[in-house]
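> One structure, pasted below without further comment.
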Amino acid sequence: MDSTVKCTILLILLGLVVNAFSVTDYEHCENVVKKWATNSLKHESKEDKHALKDLLFFLHVPRTGGRTYFHCFLKKLYSSSLECPRSYDKLRFDPSKEKCRLLVTHDDYSISSKLPRGRTSVVTILRNPIDRVFSTYEFSVEVAARFLVHPNLTSATQMTGRLRSKNKGVSTLDIWPWKYLVPWMREDLFARRDARKTGGTSDFTSGDPYNMEDIVMPLLNYINNPIAHEIVHNGATFQIAGLTNNSYLPESHEVRHCVDKYNNLGAYVLQVAKKRLDNMLYVGLTEDHRESATMFANVVGQQVISQLVNSNAIEKGADVNNSEQGISFSDSELDQNTNSDEKGNETTSSDDNEVNQDNMTVEKLMDTYEVCISGLRKTQTRRRIASLKRISPANFTKEARNKVPQMVLQRIQSLNKLDVELYEYAQGIFAKQHKQAAEKLFDARTLGSIFIYSGGIKLWDACLWTMPFVLLFIFLFVNAKRRTLKLKI
């Protein structure tokens, strides 16, 4: 037989084998993902999602503003004795703790397998996926830059290890996803600083902080890196689906691998995430901050107040200022040379946190929230400015973000298709929640115990002759906000 013919036959046979293997591999992956999705949907609770259950699980998607909700809402409602041991480090979580009523964590939805089935309510906040990727990048740089006070990476790493061994709290390096993202960025910052010293570079041609490669990893490089693909992109969808690389599910790795290999299988993951959003007590939006906060106070806060009062769980004079187990949300405490403004504890001042839980109302909760969030933002701004000085002239601002090339924005969107669709779905849920909360205000059975914050005025105390005008205002306001926001690039 002619050698050319033999070669052709071999190539054809090889192609058939490869094709057969590919089909078999796809079918295997499809079965794996389908099985996981079916089991996940089967275990979804069919009970009334609008009623607060015994345990409140705040699924904190990173960079959505969840920290402000924890410090300025939940710690005003729940005393430390009612908080579950925090699971940020995955070593301390113990849902069997007596009177455990609140769990706030970056863990994904899979942790619910350890929570009392049928007695847990879940709440979360979602953010425009493009803005969330920007914020994740910026925060990774901000925290990593705090280590630049050290002469080299070795010194920074050794000091971190010594201080963490003595620190009883949990630092950013213990918390998912920062335990992966910060060390990666820290190593990169030191490498670029060393290169500048070696090359004697001091002039920077780029004025774009998101593309200043002599100082910091460019945003485009960041979003295209395998680490970002593993942790950042579609992070909200995978977290709500319970499929992060921090998942408690033994099959999560294989499911993630299959979805990454065959993108169309992501539809099953999205289906599960949407269903879980449907079953949550509350879904907030970072972009609609004011409305989200007001709704949280009325939908969640009001029920927590009633539940704790009815169960006599409120402890008079509870030390709500005590940060649970000394937890810290940043690693600047690992730097002995930082000043007090750069310290990593994200809690606000003691004056902001001293709240008398007795006779708490939704209106008082919102008043307290306004004071708390103001102080928290000031602290965060000071710390951010101090950190970014170490990588000057790189400085992340809204103006600089608006100048990022359209190509980069489109790339972020294409890498986060699942999160984009989930966010749009969440906007619809948010609009429905807004409508239901407004309708509840007209319910004669609950009007006396529900308040909507409006510059400190309580509707219950409004004079009867002004009621028609108040109702008209609410009607117009609700209708104006009933739209579903369009995702902007």
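Read the figures in this text as sums done on the coordinates, not as results from a lab. Remember, it's a predicted structure, so these values are computed and weren't measured experimentally. Every residue, glycine among them, receives a Cβ derived from its backbone with ideal geometry; neighbour counts consider all protein chains shown.
> Ranking request for peptides 422-428, 299-305: highest mean number of other beta-carbon atoms within 10 Å first, then the rest in descending order.
Details: 422-428: 20.0, 299-305: 22.7.
In descending order of packing, they fall as 299-305, 422-428.
> Another one. Sticking with the crude label model, points 7 Å out along Cα→Cβ, report the distance from Asp54 to Gln271 in nm, one decimal please.
Result for the modelled spin labels: 3.3 nm.
> Given the Cα-Cα distance of Glu370 and Arg196 and 0.36 nm per residue of separation, how much length would full extension add, in nm?
Details: separation 174, 0.36 × 174 = 62.64 nm, distance 4.43 nm.
My answer for the length gained is 58.2 nm.
> Still on this structure, please answer the following. Determine the shape class of the stretch 188-309: with a ≥ b ≥ c the square roots of the Cα gyration tensor eigenvalues, call it rounded for a/c under 1.5, and otherwise prolate if a/b is greater than b/c, oblate otherwise. Intermediate values should be presented prior to the final figure.
On the way: a/c = 3.00, a/b = 1.60, b/c = 1.87.
Oblate shape, in that a/c is at least 1.5 and b/c is the bigger or equal ratio.
> A further question on this structure: For Lys417 and Ser81, what is the calculated FRET efficiency with R₀ set at 41 Å and r taken between the beta-carbons, to the nearest 0.05? Write down the numbers at each step before the final one.
Details: r = 43 Å, r/R0 = 1.06.
Working from the Cβ atoms, E equals 0.40.
> In this model, which of Lys53/Lys76; Lys398/Lys435; Lys35/Lys417; Lys34/Lys274 are farther than 25 Å apart at the alpha-carbon? Kindly include the intermediate steps, with their values, before the conclusion.
Numbers: Lys53/Lys76 19 Å; Lys398/Lys435 32 Å; Lys35/Lys417 23 Å; Lys34/Lys274 16 Å.
Pairs exceeding 25 Å: Lys398/Lys435.
> Does a label point 7 Å from the Cα of Lys398, set along Cα-to-beta-carbon, have any residues of the stretch 284-300 with amide nitrogen under 19 Å, and which are they?
285-293
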